[in-house]
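Shown next, in structure tokens, is the structure this report addresses.
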Amino acid sequence: MARYLTEADAAEAGITITHEPEAQRFAIYRADESGPKLVGEAHYSFPRDGVVDFDHTLVDDSLRGTGLSGLLARRALSSEVAQAHTVEASCWFIEGYLAKHPELLNTSK
């Protein structure tokens with residue numbers, strides 16, 4: 001099983017992480033013969049003014065253990081959306097990721 005340490009590593013394997021603000025998510029796509037296939041997402045909502053809640057994270061079972069969940073979390077938490085708001089994490093994965101990487105929280109708000 002491949003292990004992806006950076007988004008560049010993933011891109012070499014045809015995997016991209018993109019922000020889709022209209023769907024309020026960061027999405028992982030894997031290229032295959034029929035085109036890009038959605039294989040993961042970190043969804044967010046705005047429960048109150050000034051707050052973003054990362055409420056759901058999912059990566060296809062076939063990609064578990066590859067590091068993509070961590071890359072997805074890092075992209076979401078270092079995004080403009082997260083930096084412009086107070087971050088809450090009702091998703092257990094994002095909550096755990098933040099516990100390991102508190103430097104990603106913008107505390108200057």
- Spin-label model distance (nm) - V51 vs A23, 7 Å beyond Cα toward Cβ: 2.6
- Using only Cα atoms, find the angle between the long axis of helix 68-77 and the longest principal axis of the chain, and express it within 0 to 90 degrees, rounded to the nearest 10. 30
- Note on the structure: Env charge @ A89, Cβ radius under 11 Å, K,R +1 / D,E -1, value -4
- PRE reach from D9 (point 7 Å along Cα→Cβ): which of the range 41-62 fall under 20 Å by backbone N? 41-42, 58-62
- Summing +1 per Lys or Arg and -1 per Asp or Glu among the other residues with Cβ less than 15 Å from A31's Cβ gives -4
- Item | Percent of Cα-Cα distances greater than 21 Å, calculated over the chain | 32
- Item | Those trypsin sites (Lys or Arg not before Pro) in the range 1-52 that DSSP places in a loop and that have at most 16 other beta carbons within 10 Å | R3, R48
- Query: Equivalent-ellipsoid semi-axes (√(5λ), Cα gyration tensor) for the range 1-50, whole Å, largest first?
  - Reply: 25, 13, 8
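For every other residue with a beta carbon closer than 11 angstrom to the beta carbon of H56, add +1 if it is Lys or Arg and -1 if Asp or Glu, then tell me the sum. Don't jump to the answer; show the numbers that get you there.
Numbers: positive: R25; negative: E41, D53, D55.
Here the count lands on -2.
Quick one: of the DSSP bridges fully inside the chain, what percent are antiparallel, nearest 5?
Just about 85 percent of them are antiparallel.
Computed from the coordinates by the stated procedures, all read-outs in this text should not be read as laboratory data. The structure presented is a predicted model; accordingly, all values stated were derived computationally and were not measured. Cβ sites come from the backbone with ideal geometry, for glycine too, and all protein chains shown count toward neighbours.
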